[in-house]
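Dropping the structure in here first, questions after.
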Amino acid sequence: LRLETMLRRAIEKNEIFLHYQPQVDIDSGRLVGVEALVRWQSPELGRVEPTRFIPVAEDTGFIGQLGQWVLAEACRQMVCWDTDGLRVPKMAVNLSVRQFDRGSIAPTVAAVLHGAGLAPARLQLEVTESVIMNTGDALEYINDLRAIGVGLAIDDFGTGYSSLAYLKQLPVQTLKIDRSFIKDISADAGADANAEAIAVAIIQLGKSLNLSVIAEGVESEEQAAFLLRHGCSHAQGYLYSRPVLPAEILARWGQGQD
Ligand code: G
Ligand code: G
Ligand code: MN
Ligand code: NA
């Protein structure tokens, strides 16, 4: 069977599920949000990486359905945690550039939020710079999303080629510093001065544009301290947690925990 065929059946066969990676306030350790990351555990193929199946979904047009499933599941999970006494402030969900090919997705997003009973402000959609620059009506569709009250973040920021002029007119609230700029920040002499300079520049840019900034791929205390020192207070990465199942989020951050 082709990967595409298997992927299309994977949702109904319950082989697709979500992991969640915590986003934390560096200083206090407080949970400020989670990012939903899709997973596929196939009985025939074993674990299939999203870097393998997302492109297939994008090329075959299945990304619309997959994206909608991810969104609905992530929103459902937020309400579940609420019920369990864990209020996760914000759920971040990745959108593919291909989800902007077939018109505005705002009505779908609004319907999913309504169905789940989740306030729009608690959802943050992550788009890459390619979404902003590559599609004809993307700006309009992004404005539609903002109009229904969801938050917007630019993912992998610094790796694309969006112009700063464009950034200014976008209704985004958050920049996510790509982890390629974080990974070379270190205390030793081998530290990459360029990566550090870029990270600092993105933090400054965020401040000037009144955007919140979160660093991705934070793996060491040195990196966290560097970010805090330069004015970036939120981070995501293995230092805090790998992407994990919902129960693990509840166990670590729920009531009775710290
Ligand atoms: O955990 P990581 O291996 O999860 O993710 C690999 C890549 O797949 C990342 O670029 C991530 O943004 C992307 N990805 C993970 N989940 C989703 C999703 O639900 N939708 C889209 N479009 N991309 C996702
Ligand atoms: O492209 P996006 O930023 O949405 O995808 C996040 C990807 O980064 C996922 O594959 C996730 O598993 C991975 N990731 C998250 N934290 C870390 C980290 O600290 N180090 C590394 N190497 N990868 C990470
Ligand atoms: Mn992301
Ligand atoms: Na990223």
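The values are calculated or read from the model by the stated rules, or taken from the named source; none is laboratory data. Predicted model only: the values in this text are computed from it and were never measured. Heads up, the Cβs are rebuilt from the backbone with ideal geometry, glycines too, and the neighbour counts pull from every protein chain shown.
I'm trying to understand the selection: among the residues of the range 204-216, which are out of contact with any Leu (no Cβ under 9 Å at 6 or more places or on another chain), in contact (Cβ under 8 Å) with a residue 12 or more places away in the chain and either part of a loop (DSSP other than H, G, I, E, B) or closer than 15 Å to Ser186 by Cβ (or both)?
Hit for the range 204-216 is Glu216, nothing else.
Does Gln23 satisfy being crowded, with 17+ Cβ neighbours inside 10 Å and either farther than 22 Å from Leu123 by Cα or out of contact with any Lys or Arg (no Cβ under 8 Å at 6 or more places or on another chain) (or both)?
No.
Grab the helices (runs of 4 or more DSSP H) fully contained in the range 46-164, keeping just those with 3 or more residues being within 26 Å of Ile249 (Cβ to Cβ).
Answer list for the range 46-164: 50-60, 63-83, 106-116.
Moving on to the next point. Can you find a residue that is within 16 Å of ligand 4 (Cβ to nearest atom), in contact with a Phe, Trp or Tyr (Cβ under 9 Å, 6 or more places away or on another chain) and not hydrophobic (A, V, I, L, M, F, W, C) anywhere in the range 118-128?
Yes: one or more hits.
Does Leu227 meet the test of being over 30 Å from Ala111 (Cα atoms) and away from ligand 2 (no atom under 16 Å from the Cβ)?
no
Of all residues in the range 180-193, which are under 16 Å from Ala225 (Cβ atoms) and surrounded by fewer than 16 Cβ atoms within 10 Å (Cβ to Cβ)?
Passing the criteria: Ala187, Asp188, Ala191.
Looking at the range 30-77, which of the residues that are among the small types (Gly, Ala, Ser) and more than 21 Å from Asp155 (Cα to Cα) is surrounded by the fewest Cβ atoms within 10 Å (Cβ to Cβ)?
Gly46
Looking for whichever is within 14 Å of ligand 2 (Cβ to nearest atom), in contact (Cβ under 8 Å) with a residue 12 or more places away in the chain and at negative phi here; the options are Val131, Val56, Val150. Which one fits?
From the options Val131, Val56, Val150, the qualifying one is Val131.
Also: Considering only the range 168-203, state which residues are β-branched (Val, Ile, Thr), outside any helix (DSSP H, G or I) and within 16 Å of ligand 3 (Cβ to nearest atom).
Within the range 168-203, Val172, Thr174, Ile177 meet the criteria.
Take the conditions touching a residue at least 40 places away in the same chain (Cβ under 8 Å) and under 30 Å from Cys232 (Cβ atoms) and apply them to Leu66. Does it pass?
The answer is no for Leu66.
Of the conditions (1) part of a loop (DSSP other than H, G, I, E, B); (2) touching a residue at least 24 places away in the same chain (Cβ under 8 Å), Gln41 fails just one. Which one is it?
(1)
Can you confirm whether the range 194-207 contains a residue that is farther than 28 Å from Glu140 by Cα and surrounded by fewer than 13 Cβ atoms within 10 Å (Cβ to Cβ)?
Yes, the range 194-207 contains at least one residue that is farther than 28 Å from Glu140 by Cα and surrounded by fewer than 13 Cβ atoms within 10 Å (Cβ to Cβ).
Among (1) free of Cβ contacts under 8 Å to residues at least 40 places away in the same chain; (2) crowded, with 17+ Cβ neighbours inside 10 Å; (3) in contact with a Cys (Cβ under 9 Å, 6 or more places away or on another chain), there is one condition Val112 misses while meeting the rest; what is its number?
In the conditions (1) free of Cβ contacts under 8 Å to residues at least 40 places away in the same chain; (2) crowded, with 17+ Cβ neighbours inside 10 Å; (3) in contact with a Cys (Cβ under 9 Å, 6 or more places away or on another chain), Val112 misses (1) alone.
So which residues in the range 179-207 are at pLDDT below 95 and touching an Asp or Glu at 6+ places or on another chain (Cβ under 6 Å)?
Selection gives Asp184, Ile185, Ser186, Ala187, Asp192, Ala195.
Is at least one residue of the range 148-163 under 29 Å from Arg76 (Cβ atoms) and out of contact with any helix residue (DSSP H, G or I) (no Cβ under 8 Å at 6 or more places or on another chain)?
Yes - at least one qualifying residue is present in the range 148-163.
While we're on this one: Is it fair to say Ala215 is buried (at least 18 other Cβ atoms within 10 Å of the Cβ), farther than 23 Å from Ser162 by Cβ and modelled with pLDDT of 95 or more?
So Ala215 does not fit the description; no.
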